[in-house]
Amino acid sequence: MRVFVQATLAYRFEEAADVLLMVEAARSSDQAVSDEHMLISPAVDIVRLDDSATGERRLVFTGHGDVEIQYAASVEVLARDFDLHRTAATPLRELPPDALRYLRESRYCQSDRFEDFVRREFGAYTGGAQVAAMLAWIQTYVEYRAGASSVSTTALDTFVDRAGVCRDFTHLLIAFCRAAVIPARAVSAYAWNLTPPDMHAVVEVYLGGRWRLIDPTGLAPLDGLVRVATGLDAIDVAFMTIFGRAELLAQTFAATALDRA
């Protein structure tokens with residue numbers, strides 16, 4: 001499936017501040033990027049900090065005054081295996097080294113606080129069937145509601161409040177999976193057919209010897225997700241981190257299907 005992705009960001013910087021930007025589609029094994037364009041106006045000096053291991057595209061610049069960022073690319077999303085029920089959990093000793101960090105609690109995903117609950121609620125399942133049961137629980141008991149959370153909301157808050165947006169659903173599923181010794185990480189992505197369009201937060205779990213994408217909200221087709229960044233939680237995958245202060249003037253994200261098999 002080919003997806004055309006776009007991002008437009010406009011910010012006002014009263015004082016100069018460094019910016020870490022992650023809006024470019026990752027160059028990974030399951031997606032191919034072409035016809036890519038990035039324009040920052042007025043022109044700024046850019047330093048690239050791309051990650052060759054993950055394919056993440058990162059750039060740093062100093063913003064001052066009114067700054068507009070425009071990004072666009074065509075991305076071929078290659079075949080992905082979304083099956084959960086027939087996938088086995090990978091024993092700890094067989095996990096790749098880079099997956100180990102995704103077993104630990106993090107700022108927004110306090111997996112250690114969910115170990116007893118996960119054991120009681122999902123202990124009858126293993127592997128992909130266990131993750132599917134977690135996903136069904138979240139979609140049954142947590143309401144998707146804009147404005148129900150803030151940037152400081154954690155998985156534990158969402159578990160108590162039973163409401164949130166995509167990042168909250170993502171943090172809760174990650175916390176559940178890590179409590180069950182299943183590596184799980186946050187992913188930021190452009191999402192085709194997401195209403196309203198936005199940078200979407202989803203989850204990858206390590207099952208059956210590979211990372212598998214899941215949308216805990218169920219709002220976006222998995223075959224239309226264009227990966228941007230991965231990390232422990234929302235802090236690692238923020239599309240824009242400003243080391244200073246800035247005023248948001250406008251921002252839009254879009255993903256359009258160019259073809260779909």
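The values are calculated or read from the model by the stated rules, or taken from the named source; none is laboratory data. Bear in mind that the values here come from a model prediction, so they are computed numbers and not experimental data. A quick note on method: Cβ atoms are made from the backbone with ideal geometry, for glycine too, and the neighbour counts reach across all protein chains shown. Quick note on the areas: whole protein, heavy atoms, side chains included, nothing else; ligands and nucleic acids left out. Shrake-Rupley method; radii C 1.70, N 1.55, O 1.52, S 1.80 Å.
Summary of computed values
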quantity	calculated
Accessible surface of CYS177 - all protein chains present, 1.4 Å probe, nearest 10 Å²	0
Estimated inter-spin distance, GLU15 and SER28, nm [label 7 Å along Cα→Cβ]	3.7
Amide H partners (placed H, <5 Å) of ALA163, local residues excluded	GLU143
Three-way shape call for segment 86-188 based on the alpha-carbon gyration tensor, with the a/c threshold at 1.5	prolate
Centroid-to-centroid separation of segment 62-110 and segment 112-127 [C-alpha atoms, Å]	23
Percent carbon-and-sulfur accessible area, segment 47-173, ignoring ligands, DNA and RNA, probe 1.4 Å	49
Cα→Cβ-extended label distance, 7 Å offset, between THR256 and THR54, nm	3.0
Segment 116-172 - convex hull of the alpha-carbon atoms, volume per residue in Å³	76
For the chain, calculated [θ]222 nm from helices alone, where every DSSP H run of n ≥ 4 adds -39500 (n - 2.57)	-5500 deg cm²/dmol
Most positive-pole-ward Cα, THR241, PHE61, ALA132, against dipole of the chain from beta carbon charges	ALA132
Inter-label distance for ASP161 and ARG119, nm, one decimal - labels placed 7 Å from Cα along Cα-to-Cβ	2.9
Relative pair counts by distance (%), Cα atoms of the chain, 5 Å bins	1, 6, 13, 17, 19, 16, 14, 8, 4, 2, 0, 0
Candidate residues THR195, THR153, THR62: accessible-area rank, largest first, probe 1.4 Å	THR195, THR62, THR153
Accessible-area value, ARG12, 1.4 Å probe, nucleic acids and ligands omitted, Å²	80
For the chain: relative contact order, % (alpha-carbon pairs under 8 angstrom, 6 or more apart)	29
By accessible area with a 1.4 Å probe, ligands and nucleic acids excluded, highest first: order of TRP137, TRP192	TRP192, TRP137
Heavy atoms of ASP30: accessible area, 1.4 Å probe, square angstrom to 10	20
Gyration tensor (Cα) of segment 175-223, equivalent ellipsoid semi-axes in angstrom	22, 11, 8
Per-residue ³J(HN,Hα) for segment 74-85, Karplus 6.51 cos²θ - 1.76 cosθ + 1.60, θ = phi - 60°, Hz, x for Gly and Pro	9, 10, 8, 7, 7, 4, 10, 9, 9, 5, 10, 5
Segment 109-250, accessible area per residue, ligands and nucleic acids excluded (1.4 Å, Å²)	40
Efficiency of FRET between ARG2 and THR62 - r from beta-carbon atoms, R0 22 angstrom, step 0.05	0.05
Whole-Å semi-axes of segment 6-107's equivalent ellipsoid (Cα gyration tensor)	34, 19, 12
Cα gyration tensor, segment 138-231 - rounded (a/c under 1.5), prolate or oblate	oblate
